[in-house]
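Reading through the structure tokens given below for one structure.
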Amino acid sequence: MTSTQSILIAAMTVLLLSIVILRDRLERSISRVYNTRQKSGVRDYILEEMRDAVLVLDDENKIVDHNQAALNLFSSGSMELAGRKFDELGFEWVKDLTFRSDEITSSKEVKLGEGENERVYEVQTMNFEKGSPLTFLKTLIIKDMTVHRRARTYWETQLRRYSEYLKGVIAERTKQLKEAERLAAIGELAAMVGHDIRNPLTAISGACYYLRKRSSLGADDRSREMLEFIEGNVEYSNKIVSDLLEYSRDLKLNKTPVVIKELLEDSLSSIEIPRNVQIINEVDEEEVEIDGHHMKRVFINMLKNAFDAMPEGGTLTLTSGRSPQGIKVSFADTGVGIPDEIMEEIWKPLFTTKAKGMGFGLAICRRIVKGHGGELYVVSQLGKGTIFTVSLPFFPMSPSEQVLDGSMLSGSLTIIEKADDLNLDLF
Ligand SMILES: Nc1ncnc2c1ncn2[C@@H]1O[C@H](COP(=O)(O)OP(=O)(O)OP(=O)(O)O)[C@@H](O)[C@H]1O
Ligand SMILES: [Mg+2]
């Protein structure tokens, strides 16, 4: 091989190597440009598709760039935005925006329209410097916050309402607690006083018995009358003591199968029925598991209350009915009725409108009925009459279930209804 050939081969090798290196560099720079273009293409795409309006302003507030959302917001048609002065877009609220060169970013809330048409925008501004010589540029991002604000207002209203409701519940529960404490104190006192009064009452009864025996041997009418008066009052005092003790004692029920109709007849026969009151007894021969002794107290109080409500006479209709849950017994009188203002009061112990009443009757009745897992409720119409209904379940809830049910809470869930027309057919 000649030296010329050797030089030629070396030159070609160098040339080939240079080509390979150049190609590699070219490929790399093509790929860099391609990537950059792709990236900026993605950015442009995101910017264009954004729901927020984006505008770039120069230091004279002239729009140098913007996205489609900005065009939609500021220009109803194909009006060009680029090159226009931002402050001259014709929107009042735009004038409220101030750009401070010392603030890198700031945000502001702007409201547009009124009432139903009001829209809320959050405007964020960002300042930056760019290029050579340095140009001061501002970017505005305008976010439509209307839906967010409406949702926030909605939830704020809901929360406010709920907190008002909770405040009401707390106030009601506090009232009930205070009432329960008051009753517990009355109960304790009643138990002590009641117990102590029983003894002198028994002694007076004994003395009356002795005097009666003596009087049969020759006392005058006036003395006999006075003796009867003392005995009557001893009996009444005994009832007061029994009521007090009944109310303050724990309720212990001894349940046995009882025919409701028979218990009612037994109750009727143990009290004096006024001559001017007619009784219609339509109660069925239903049998339930109840404490007959306690339920008789309930029935007697219902009957006596009805008689008291009909001083001029009237009719007392007793009915019963059956539902899948249990049975109901109603006492419907044609008496004076109960005024609306005292509808809630009548259940409270010591509330009475009677000269010789203690006001323990309904409180005790409700306690006994609820103790059976039942309910006691009333409908009344002033001047026409009142219906008290005792409902007793076939399958009473356990005490713990009753507490969960909330119906045992003092004074809380007694159903009190107001009937426009008294309707005896309650079932
Ligand atoms: N059938 C009714 N018609 C009209 N008002 C009634 C009737 N039943 C009860 N009330 C009213 O409810 C009040 C409370 O009754 P409750 O039985 O608790 O006590 P009372 O009858 O006044 O006294 P107590 O029963 O202790 O002797 C009565 O004073 C009366 O005003
Ligand atoms: Mg009574």
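Rounded to the nearest percent, how much of the accessible area of region 256-418 (1.4 Å probe, protein heavy atoms only) is carbon and sulfur? Present the calculation step by step, with values, prior to reporting the outcome.
Working: 4150 of 7780 Å².
With neighbouring chains kept in place, the figure for region 256-418 is 53 percent.
Enumerate the lysines that K62 could reach by cross-link, defined here as Cα to Cα under 19 Å, with residues fewer than 8 away along the same chain left out. Straight-distance partners of K62: K85, K95, K130, K138.
For K328, a cut-off of 29 angstrom between C-alpha atoms picks up these lysines, skipping any fewer than 8 places away in its own chain: K239, K252, K255, K261, K296, K304, K348, K354, K370, K384, K418.
Over the C-alpha trace of region 256-418, radius of gyration and Dmax come out as 15.2, 46 angstrom.
One Cα centroid belongs to region 256-299, the other to region 310-332; the line between them spans 11 Å.
What is the Å³ per residue value for the convex hull set by the Cα atoms of region 152-248?
100
In whole percent, and with a 1.4 Å probe on the protein chains, what portion of the accessible area of region 152-248 is carbon and sulfur?
62
For region 256-418, the solvent-accessible area of protein heavy atoms averages 48 Å² per residue (probe radius 1.4 Å; ligands and nucleic acids excluded). Take the convex hull of the alpha carbons in region 294-333; its mean projected area over all directions comes to 3.0 nm².
Keeping every protein chain present and rolling a 1.4 Å probe, give me the accessible area per residue for region 152-248 in Å². Let's see the in-between values first.
Working: 7370 Å² over 97 residues.
So region 152-248 comes to 76 Å² accessible per residue, rounded to a whole number.
The values are calculated or read from the model by the stated rules, or taken from the named source; none is laboratory data. Since we're looking at a predicted model, the values are computed, not measured. Each accessible area value is taken on the protein alone, full model and side chains, heavy atoms only, with ligands, DNA and RNA left out. Shrake-Rupley method; radii C 1.70, N 1.55, O 1.52, S 1.80 Å.
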